[in-house]
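Trainee: Please find one structure pasted underneath; my questions will follow.
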Amino acid sequence: MQITPGTLLQQIDSPEDLKKISREQLHQVCDELRQYIVDVVSVHGGHFAASLGVVELSVALHYVYHTPYDQLVWDVGHQAYGHKILTGRRDNFISNRKYRGLSGFPKRSESEYDTFGVGHSSTSISAALGMAMAAKYKGEQRKSIAVIGDGSMTAGMAFEAMNHAGVADSDVLIILNDNCMSIDPNVGALKEYLTDISTSPTYNKFRDEVWNLMGKLPVGKKFTRTMASKMEASLKGMVNKSSNLFESLKIRYFGPIDGHNITKLVDTLKDLKEIPGPKLLHIVTVKGKGYSLAEKDQTKWHAPGLFDKVTGEIFKKKTDTPQPPKYQDVFGHTIIELAEKNEKIFGITPAMPSGSSLKFMMDKMPDRAFDVGICEQHAVTVSAGMATQGLRVFCNIYSSFMQRAYDQVVHDVAIQKLPVVFCLDRAGLVGEDGPTHHGCYDIAYMRCIPNLIISAPMNEQELRNLMYTAQLESNQYPFVIRYPRGEGVMPDWKTPFEELQVGKGRKLKDGKEIAILSIGHPGNFAQAAIRELRTEGIDPAHYDLRFVKPLDEALLHEAFGKYDRILTVEDGTVVGGFGSAVLEFMSRHGYKADVRILGIPDRLVEHGTPKELHRECAYDAQGIADAVREMMKDLVTTQLIAG
C-alpha cells in the first residue's frame with residue numbers, strides 16, 4: 001500500500017527545510033504530520049497515541065531550535081515518531097520497529113538528531129542536564145531540552161535530576177508534557193498536583209498577566225532581568241503556591257499552556273531561549289490527539305497493532321482453533337484465584353497494570369492490588385515492607401525494568417530473606433521494542449544473589465504451579481518467576497494447582513548420546529527440534545530444569561552420568577546465565593563433557609519479531625536441531641563408516 005505524505009510534509013527532509021515554511025503554515029504541517037503517523041501506524045504497526053499528542057510540540061521544537069546542534073532528549077521515546085519523520089526518516093518510516101528497520105525509539109546510532117538513546121522512562125532530565133553542563137564547560141552556546149511526560153516525572157530519578165539542575169547553573173529546559181497518562185492512567189499525588197496547576201483559573205489568569213507584564217517592563221540599569229525574576233517569583237508566591245514545587249528546587253516554572261496551540265508554543269519557546277538557567281515549561285496535551293478513538297481510550301490505543309484508520313477496527317489474528325493465552329493473562333487470572341483463597345496475597349506493579357494484567361486484580365480487588373507509578377525501586381521496597389508484616393506480595397515488573405531496582409532486590413529483600421514473589425514479565429527477547437526492552441539479563445544478575453529462588457515455567461500450567469508454590473507458607477525465600485512476552489502453548493491452561501518441589505526439575509524424555517537441558521519456554525522449541533531429529537535417527541534426551549537456583553543436582557548428575565554431549569537452551573544471556581550454571585556444576589563435580597550453550601549472544605540484539613530474533617540467535621527449533629546435528633556429527637560419521 002502506497003502511503004503519501006502531505007504536500008508540505010513532502011518538502012521536509014530536515015529541520016532546516018521546516019524552518020523555510022512560514023509560521024502561518026505550521027498548522028498545516030501539524031495536520032499532515034499527524035495524518036502521516038495515522039496512515040503508517042495503521043498499516044505497519046507501532047506505538048500510536050503518544051506521538052499524536054506531541055505533534056505540535058515536535059514541530060515547534062525543530063522550528064525554534066537549531067537541532068541537532070541544540071540537544072533534544074525525548075523521555076522513553078514512545079512519542080518521538082513525529083521527531084523521526086521531521087529529521088530525515090520520513091520515507092523510511094514504514095520500516096519502523098521492523099527487523100533491520102528503524103528503531104521504535106530514539107537511537108544515537110540511527111541519527112545525529114537522536115542525541116540520547118532511550119526506551120526506559122525518566123532519564124531525559126539527567127541526560128539533558130549532563131549535556132548542558134558539558135556545553136557550559138566547553139563554552140558552547142548550544143541549548144539542551146528534555147521532553148518528559150507527567151508519568152515519567154513520577155520516578156525518583158526525575159526528581160534527583162531536578163534537585164541537581166537547580167544548583168548546576170546550566171542552561172537546560174525541561175518540557176513537562178502533561179496528559180495524565182503513561183501507558184495506563186497516571187496515579188499518585190504528583191498527578192493531583194499537576195491537575196491543580198492546570199485547572200486553577202485564578203493561577204492561569206494571574207500567570208498570563210505576569211507574563212504580559214514581564215514582556216512590557218524595560219530592561220536596563222534600573223530594572224534588570226534579575227530584579228524582574230525576583231518580582232515574578234514574589235508575585236507568584238503572594239497569589240498562588242502552585243509553582244513552588246519546581247521553583248523551590250530553583251527551577252523557573254512557566255505555564256501551563258495549551259500544547260496543541262502551535263503558534264503559542266513557537267512564541268513561548270522563542271522567549272524561553274533567551275532566558276538562561278534551568279527552567280520548566282508545563283504544557284497540557286491530549287494523548288491520541290486528532291484520532292477520536294485514541295483520545296477516548298488512550299490505554300487501548302497506546303500500541304494497538306494494525307487497524308482500519310477509518311472504522312477503528314483493530315485487526316486480530318483469526319483462527320478456528322482455540323489459542324493459548326498470553327503468559328501475562330495467565331498471571332492476571334491466576335493471582336485472583338490464589339488471592340480468593342489466601343487473604344495475605346497482594347499485587348504490586350510499577351505503572352504496568354494493563355501490560356502485566358494485574359489490572360484484572362485491581363478491578364476485582366482494588367484494596368489488594370496497586371499501581372505505584374513508574375517507580376521500580378519503590379515497588380520492590382514497598383513489597384518488602386508489606387512482606388515484613390506477613391503479607392505475600394506478587395511484585396510484577398518487566399524483566400528489563402527490574403534492572404532499575406537491583407539494589408533494592410539485594411538490600412531490601414534478599415539480605416532480609418523476605419518472601420516477595422517477583423514475577424518478571426517479558427523475559428527473553430521481546431521483539432519489536434528492541435534492546436532497551438529485551439529481558440536478557442535477569443537470570444545472570446539474579447542468580448548471584450544469595451537467598452533467591454529463580455524459576456521459569458515451560459508452559460501455562462507450570463506458571464500457575466510456580467505461583468501457587470511461591471505463596472505457600474512453607475516458602476520463606478524471595479521467589480523469582482520469569483516468563484516471556486506473548487502466547488504460551490496450552491489452550492486448556494486452567495488446570496488444578498500442584499505444589500512443586502523447589503529446586504526440582506523433570507525429565508521429559510530419555511535419549512541416546514546427547515541430552516538437551518532447557519529452562520523455561522524454550523523447552524517447547526527443544527521438543528519441536530527433537531521431533532524433527534528423531535526422523536533422522538538422532539534421539540536426544542530432554543530435561544526441563546524449571547529452576548536455575550537452586551539447580552536440580554540429582555537431575556544434572558543423571559544427565560552428565562549418562563551423556564557426554566550436553567546442549568543447554570535458555571532465553572537469557574549466554575554469559576553468566578543458565579548454561580553457565582550448568583558448566584559450573586560440571587566443573588565442581590569433575591565431569592568431562594562436550595557442552596554447548598544456546599541463548600542470547602553476548603551482543604546487543606536489535607528489534608524484530610520474536611520469531612525473527614529467535615532465528616537470528618539460533619535457539620529456535622531449527623537452531624537447536626542444527627546445534628545437535630553439529631555436536632553429533634562425528635558420531636554419525638563413525639556410525640556411517642561402521643555401517
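Trainee: Compute the Cα gyration tensor for the stretch 327-482, then decide on rounded, prolate or oblate, letting a ≥ b ≥ c be the square roots of its eigenvalues: rounded whenever a/c is under 1.5, prolate when a/b is larger than b/c in the other cases, and oblate in all that remain.
Mentor: Cα axes put the stretch 327-482 in the rounded bin.
Trainee: If you don't mind, there's one more thing I want to ask. Using modelled backbone amide H atoms (1.01 Å from N, in-plane), which distant-in-sequence or interchain residues come within less than 5 Å of residue 393's amide H?
Mentor: Excluding prolines and chain starts, which carry no amide H, the hits are 346, 421.
Trainee: Tell me, how many Å apart are the Cα centres for the stretch 506-538 and for the stretch 136-180?
Mentor: So the two Cα centres are separated by 52 Å.
Trainee: Calculate the dipole size of the chain relative to its Cα centre from +1 charges on Lys and Arg beta carbons and -1 charges on Asp and Glu beta carbons; express the result in debye to the nearest 20.
Mentor: Roughly 1220 debye, rounded to the nearest 20.
Trainee: Nothing charged except the Cβ atoms of Lys and Arg (+1) and of Asp and Glu (-1): what's the magnitude of the dipole of the stretch 327-482 about its Cα centre? Round to the nearest 20 debye.
Mentor: 320
Trainee: Just name one of 7, 540, 521: the one whose Cα is farthest towards the positive end of the charge dipole of the chain (beta-carbon charges, Lys/Arg +1, Asp/Glu -1).
Mentor: Ranked along the dipole, the leading option is 7.
Trainee: Place the peptides 447-460, 26-39 in order of packing, highest mean first, counting for every residue the other Cβ atoms within 10 Å and averaging per peptide.
Mentor: Taking the mean over residues of other Cβ atoms within 10 Å, the ranking is 447-460, 26-39.
Trainee: Now for a different question. Which of the three applies to the stretch 271-399, rounded, prolate or oblate, going by the alpha-carbon gyration tensor with a ≥ b ≥ c and a/c under 1.5 meaning rounded?
Mentor: oblate
Trainee: Which whole-number percent gives the relative contact order of the stretch 327-482, counting Cα pairs below 8 Å spaced six or more residues apart?
Mentor: Relative contact order here is 22 percent.
Trainee: I need the phi-derived Karplus couplings for the stretch 91-96: 6.51 cos²θ - 1.76 cosθ + 1.60, θ = phi - 60°, integer Hz, Gly and Pro marked x.
Mentor: Values, residue by residue: 6, 9, 5, 5, 8, 3 Hz.
Trainee: Which one of 362, 170, 575 is farthest out on the positive end of the charge dipole of the chain, using unit charges on Cβ (Lys, Arg +1; Asp, Glu -1) and the Cα centre as origin?
Mentor: After comparing all options, I get 170.
Trainee: Ordered by packing density, taken as the mean number of other Cβ atoms within 10 Å over each peptide's residues, highest first, how do 573-585, 492-504, 119-131 rank?
Mentor: Going by the mean number of other Cβ atoms within 10 Å, highest first, we get 119-131, 573-585, 492-504.
Each value in this text was obtained by applying a stated rule to the coordinates, not by laboratory testing. Predicted, not measured: the structure shown is a model, and the values here were computed from it. Virtual Cβ from ideal backbone geometry, glycine too; neighbours counted across all protein chains shown.
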